[in-house]
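Written out below as structure tokens is the structure these notes cover.
The values are calculated or read from the model by the stated rules, or taken from the named source; none is laboratory data. This is a predicted model, so every value here is computed, not measured. So basically every Cβ, Gly included, is an ideal-geometry build from the backbone, and we count neighbours across all protein chains shown. Remember, those area values only see protein heavy atoms, side chains included, never the ligands or the DNA or RNA. Shrake-Rupley method; radii C 1.70, N 1.55, O 1.52, S 1.80 Å.
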Amino acid sequence: MAEAFGWGALGASALLIGALVAYQLAPGRGLIAVVMALGTGLLIGSVSFELVDEALKTQTVAWVGLLVLVGGAVFTVGDWLLDRHGASQRKDPAGGQAEGLPLAIVLGSVLDGIPESFVLGLTVLQGGVSVSLLAGVLLSNLPEGMASSSGLKAAGWPRGRVVLMWSAVTLVSAVSAAAGYRLLDPASGTTGALVQAFAAGALLAMLADTLLPEAYKVE
């Protein structure tokens with residue numbers, strides 16, 4: 001479990017690195033969009049081959065499909081509730097965060113990081129962390145950190161506050177990866193397969209609801 005915690009922290013640390021880059025170098029919007037889209041593609045492939053495909057080995061298509069939908073719905077509802085309280089512009093590089101509540105922005109960022117970290121913990125059970133999944137997490141988190149932090153900088157957030165926020169997100173992501181290690185064990189039969197499908201749905205919803213739209217908007 002400690003190994004999963006470490007990989008989760010590593011994947012989420014790209015958010016913190018992205019924040020530091022945004023405050024020091026002010027990266028271009030086009031570059032942010034390209035890296036976001038590349039990371040999203042890698043994560044979609046990982047969901048297909050390392051979650052859904054594995055779940056189908058011990059469960060029917062109907063059950064897996066249902067839990068994917070449930071996972072996606074749970075994430076979407078949570079994201080919608082946070083958006084209503086001011087987190088909808090948390091990835092806006094132009095400073096839209098100024099209109100939202102700081103707590104909602106932090107909680108929204110935490111919510112975004114949970115599904116991918118949860119799934120990352122599973123791959124440690126399969127003999128070692130998935131290189132493709134880890135690369136996808138890093139390549140999605142780095143531009144996310146840059147885009148969101150550019151907006152937070154424009155909204156007047158001091159660098160120390162932003163670093164503290166991403167440090168908290170990194171810690172939660174590491175704990176989520178450790179939880180994924182415990183709960184997504186393929187050897188646990190029905191429960192393991194259904195949780196895999198649920199996590200796949202949540203991760204797909206995160207990509208479709210927050211990451212891809214922001215990549216398109218930035219581009």
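If I fit a long axis through the Cα atoms of helix 190-206 and take the longest principal axis of the Cα atoms of the chain, what angle between them do I get, 0 to 90°, rounded to 10? Taking Cα atoms only, the helix is inclined about 20 degrees. A straight line joining the Cα centroids of segment 66-82 and segment 130-183 runs 20 Å. Taking label points 7 Å from Cα along the Cα-to-Cβ direction, F49 and L69 give a separation of 2.8 nm.
Distance between the pseudo-spin-label points of V61 and L171 (7 Å out from Cα toward the beta carbon): 4.6 nm.
Please state the shape class of segment 1-50: rounded when a/c is under 1.5, otherwise prolate if a/b exceeds b/c and oblate if not, all from the C-alpha gyration tensor. It comes out oblate by the Cα gyration axes. The structure shown yields semi-axes √(5λ) of the Cα gyration tensor in Å, and of the options (1) 29, 17, 15; (2) 29, 21, 17; (3) 25, 22, 16 that calculated value carries the label (1).
Here segment 18-43 is scanned for amide nitrogen atoms under 19 Å from the site 7 Å beyond the Cα of V163 along Cα-to-Cβ, giving 18-27.
Beta carbons within 10 angstrom, averaged per residue: use that to sort the peptides 51-59, 19-27, 129-137, 117-125, highest first.
117-125, 129-137, 51-59, 19-27
The residues of the chain expose on average 42 square angstrom of accessible surface per residue, using a 1.4 Å probe on protein heavy atoms.
Sequence-ordered 3J(HN,Hα) estimates for segment 74-82 from the Karplus curve with 6.51, -1.76 and 1.60 and θ = phi - 60° stand at 4, 5, 4, 5, x, 5, 5, 4, 5 Hz, glycine and proline given as x.
Here the calculated FRET efficiency for V34 and R84, from their Cβ-Cβ distance with R0 = 35 Å, stands at 0.70, rounded to the nearest 0.05.
Karplus-derived 3J(HN,Hα) values for segment 153-166, using 6.51 cos²θ - 1.76 cosθ + 1.60 with θ = phi - 60°, are 5, 5, 7, x, 6, x, 4, x, 5, 5, 4, 5, 4, 5 Hz; glycine and proline are entered as x. Between I17 and L103, the FRET efficiency estimated from the beta carbon spacing at R0 = 30 angstrom works out to 0.80.
Accessible surface of the chain, 1.4 Å probe: 70 percent of it comes from carbon and sulfur atoms.
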